[in-house]
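A short worksheet on the structure shown next.
Any read-out appearing in this document is the output of simple, stated calculations on the displayed coordinates, not a laboratory observation. The model shown is predicted, which means the values in this text are computed figures rather than measured ones. Here Cβ is always computed from backbone atoms with ideal geometry, including for glycine, and neighbour counts include all displayed protein chains.
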Amino acid sequence: MKAASPSSYDEMFAADGSVRPAYCGYEEWYANQPADLLRRKGTEAEAFFRRTGITFNVYGSEDAEERLIPFDMVPRIITAHQWRRLSRGIEQRVRALNAFLHDLYHRQEIVRSGRLPARLLEKNPAFLPQMVGFTPPGGVYTHIVGIDLVRTGEDDFMVLEDNARTPSGVSYMLENRETMMAMFPELFTRVRVREVSDYPRRLARSLAACLPPAAKGHQPVVAVLTPGIYNSAYFEHAFLADQMGAELVEGSDLRIENGRIAMRTTQGYTPIDVLYRRVDDDYLDPLSFKPESQLGVSGIMDVYRAGGITIANAPGTGIADDKAIYSFMPEIVEFYTGEKPILPNVPTWRCSEPDALKYVLEHLSELVVKEVHGSGGYGMLIGPTSTKKEIAAFAAKLAARPHNYIAQPTLSLSTVPILGRGGLTPRHVDLRPFVLVSPGGIDITPGGLTRVALKKGSLVVNSSQGGGTKDSWVLDD
Amino acid sequence: MLGRSANGIFWLFRNLERAENTARLIEAGFRMALTRDARDASDEWRSVIVTLGLRALYETKFGTDYAGPNVINFILRDKDNPGNVLAMCELARTNARMVRAGITREVWESVNDSWLRMRELLARPVAETRLGAVLDTLRRQSTQVRGAMEGTMLRNEIYNFARIGSFIERADNTARILDVKYYVLLPSISYVGSSLDNVQWENVLRSLAGERAYRWLNAGRMEARGIAEFLILDSRFPRSLAFCYGKLRSNLAHLAREYGCETEAHAILQEADCDLHTITIDAIFEQGLHEYIAKFISRNTRLANQIQYDYRFID
């Protein structure tokens with residue numbers, strides 16, 4: 001792995017070793033903690049996670065053993081002032097995303113205007129013809145969005161990725177805070193940190209605000225659809241259902257009754273109003289998508305289009321996660337909001353464009369190359385840490401299917417210290433704030449999930465690739 | 001609640017109950033084996049295996065050699081026995097994960113903790129020196145889950161299905177012990193009053209954690225009929241058939257109130273419950289203890305199946 005570049009921006013310490021304002025309160029506390037106490041707490045935290053069952057399963061790992069996502073005890077801290085600017089940028093982007101999705105599935109003004117090439121939609125498996133001409137209840141496409149942000153300087157935040165499909169990780173945001181409060185209660189009396197714990201309540205409220213036309217006036221029935229206990233994010237599905245007081249259903253619990261999707265209860269079938277599904281589009285309806293899927297409900301798309309249920313997020317929102325679409329986000333934001341984007345994109349080369357491809361092929365050893373439909377850190381090339389052989393192999397793949405890739409510079413991501421054997425030591429981080437969208441507006445939970453690359457110098461923060469997490473603090477004014 | 005969740009919670013508690021009862025059975029067997037010569041000890045272990053319904057499976061692997069360490073490990077952790085105690089704990093935990101949204105954090109954590117501990121304790125073969133510690137942990141863990149349940153769970157349908165699972169299983173376990181040991185309790189057996197009898201009787205009571213309660217109620221006097229009456233009809237003793245059915249009755253009644261209707265299961269329960277309330281121990285011995293228990297077990301199974309059907313556990 002590449003050594004942490006000395007030019008990386010560290011969020012806690014300035015170049016001269018002084019503590020930045022965001023971390024002053026924390027550092028004062030930290031300086032007074034005996035080192036072995038913090039290490040002991042680390043072991044405590046691990047036992048705590050193991051006992052509470054906050055684990056995830058890694059696809060393709062040898063034994064399908066449940067693993068813990070490593071938790072680091074040094075919080076990632078954002079000032080109130082920084083957060084205000086970030087929230088404005090996030091809100092603008094999420095507003096644009098929803099307007100964009102509505103437009104894509106209706107008149108496609110953005111394509112007609114020539115700002116987005118039609119070929120990005122043609123043959124794109126994430127674009128669902130079943131959604132064309134249909135407006136989801138409340139006009140909301142992305143009820144829950146995760147916007148991945150990276151930082152390179154004091155005020156330099158950029159959007160690395162939009163997660164409009166089914167963003168995960170919010171349970172870690174909540175549990176990390178619980179863990180920190182349980183281990184260091186006194187710390188929270190010294191530093192005022194904004195609450196995140198009412199996320200599930202806000203999620204429930206936001207889902208209930210998008211009732212389908214068929215819903216009766218009674219209390220809305222919300223259910224979380226999970227692929228089941230072997231899914232890597234099952235803990236989160238159960239956690240959210242539990243916290244919202246919603247049923248946690250699987251495909252086998254559901255069937256269509258009187259034009260509604262109904263779940264098999266101990267007293268018979270009960271219709272569901274809003275389905276927060278954590279099952280991908282492809283598996284949602286064997287009649288419309290993958291016919292072999294056991295995870296969804298046959299015919300749910302027909303029920304949906306007829307107004308019998310709300311599906312959150314709406315099917316077909318995944319198109320917004322496409323990395324080729326991502327490269328157009330600045331234009332998209334401007335087209336729908338009439339404003340310049342507050343949060344910039346990471347500079348991106350579209351390999352489908354001959355000039356860009358040429359540049360990328362010549363500079364592979366400096367770039368990060370990603371598949372346009374990929375996610376989770378799989379199928380990508382990180383030039384600076386790859387061998388010549390790996391780069392050559394990737395170049396061949398890239399040349400064969402250039403439209404399948406985009407490239408980005410290897411960013412000098414900001415660092416936040418983790419607690420290592422010898423004390424604080426810097427590691428690269430990103431941030432995924434969670435955003436709720438309802439007809440009433442956009443609601444951003446202060447903070448989000450900070451992912452941290454635990455290996456020295458590594459830029460890969462994905463939990464499936466050995467990344468860890470931190471509690472993320474937004475300071476109160 | 002979902003039918004699938006009712007099924008999950010029902011089996012979660014059946015498995016926990018079964019694991020706990022199995023621990024008691026091994027404990028009683030072990031104690032008995034310690035006080036007997038090798039042949040009698042081996043008879044005792046065989047009866048433990050028979051009570052658990054594992055005879056065919058066991059003999060496929062070990063033949064008729066009922067050596068203590070083989071029996072203990074076969075019951076606790078042997079992969080050739082799919083119903084081993086570790087598998088029960090794991091099944092309980094899988095069910096708990098499945099119904100995670102329906103149980104409190106405390107209940108989930110104690111089930112999870114239980115599994116983590118048992119997995120560690122049963123990672124290697126259990127020598128007789130370690131048996132006490134393993135069984136002790138197993139019992140403690142059940143107590144902890146039960147405590148978390150009592151202290152934190154809402155008294156609603158979820159709780160009812162949990163309790164129904166526990167008591168169906170407990171009634172079945174008590175009845176199976178009686179079924180295997182019924183001859184010990186028959187008054188016709190000749191060595192009445194002998195010390196052998198006393199030991200056998202005490203062993204039956206011990207397998208059901210009832211030796212202290214029985215002695216306390218009877219000022220220390222042991223007698224076959226009294227013991228049978230205690231284990232079947234005494235509704236004060238928490239592992240008696242009458243006690244289990246009392247709990248099944250109140251939990252099923254709760255469901256009927258909450259759902260506004262009774263089901264087929266209520267009819268089966270009523271029949272069984274009525275029987276336990278009106279019959280005397282003399283009448284049971286008259287119709288044959290063995291026959292009575294066999295009938296009880298089959299009706300208990302019928303009740304469990306009917307509950308699963310009536311409340312749509314599966315499609």
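Values computed for the structure shown
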{"read-out": "Using θ = phi - 60° and Karplus 6.51 cos²θ - 1.76 cosθ + 1.60, couplings along the stretch A:195-203 (whole Hz; Gly, Pro as x)", "value": "5, 10, 5, 8, 3, x, 5, 5, 4"}
{"read-out": "Within the protein assembly as shown, percent of DSSP bridges classed antiparallel, to nearest 5", "value": "75"}
{"read-out": "Sparsely packed trypsin sites (Lys or Arg not before Pro) within the stretch A:413-453, loop by DSSP, other Cβ within 10 Å at most 15", "value": "A:Arg421"}
{"read-out": "Euclidean distance of C-alpha centroids, the stretch A:92-142 and the stretch A:32-55, integer Å", "value": "46"}
{"read-out": "Pairwise FRET efficiency - A:Arg84 versus A:Glu334, Cβ, R0 = 25 Å, nearest 0.05", "value": "0.70"}
{"read-out": "Scattering profile of the stretch B:27-138 at q = 0.11, 0.15, 0.24 Å⁻¹ [log10 I(q)/I(0), Debye over alpha-carbon scatterers]", "value": "-0.40, -0.69, -1.31"}
{"read-out": "For the stretch A:348-410, projected area of the alpha-carbon convex hull averaged over all directions, nm²", "value": "3.7"}
{"read-out": "A:Leu121-B:Thr143 FRET efficiency (beta carbon distance; Förster radius 45 Å; 0.05 resolution)", "value": "0.15"}
{"read-out": "Size descriptor, Kirkwood hydrodynamic radius, that averages inverse alpha-carbon separations across the stretch B:155-315, Å", "value": "16.5"}
{"read-out": "Difference of contour (0.36 nm per residue) and Cα-Cα distance, B:Asp43 to B:Ala267", "value": "76.6 nm"}
{"read-out": "Calculated on alpha-carbon atoms, Rg and Dmax of chain B in Å", "value": "19.5, 59"}
{"read-out": "Modelled FRET efficiency - R0 22 Å, A:Lys397 with A:Lys456, Cβ distances, 0.05 increments", "value": "0.15"}
{"read-out": "Structure-based [θ]222 nm, chain B - -39500 (n - 2.57) summed over DSSP H runs of at least 4, per residue, nearest 500", "value": "-25500 deg cm²/dmol"}
{"read-out": "Under 28 Å from A:Lys470, Cα to Cα: lysines that are on another chain or at least 8 residues apart", "value": "A:Lys2, A:Lys41, A:Lys323, A:Lys370, A:Lys455, A:Lys456"}
{"read-out": "18 Å cut-off, amide nitrogen to a point 7 angstrom out along A:Gln294 Cα→Cβ, residues in the stretch B:1-25", "value": "B:4-5, B:8"}
{"read-out": "Cα→Cβ-extended label distance, 7 Å offset, between B:Val199 and A:Thr152, nm", "value": "8.4"}
{"read-out": "Cα-projected label distance for A:Arg67 with A:Ser365, points at 7 Å along beta-carbon direction, nm", "value": "3.0"}
{"read-out": "Calculated on alpha-carbon atoms, Rg and Dmax of the protein assembly as shown in Å", "value": "31.4, 102"}
{"read-out": "Alpha-carbon radius of gyration plus Dmax, which is the widest Cα pair, for the stretch A:273-425 in Å", "value": "20.2, 61"}
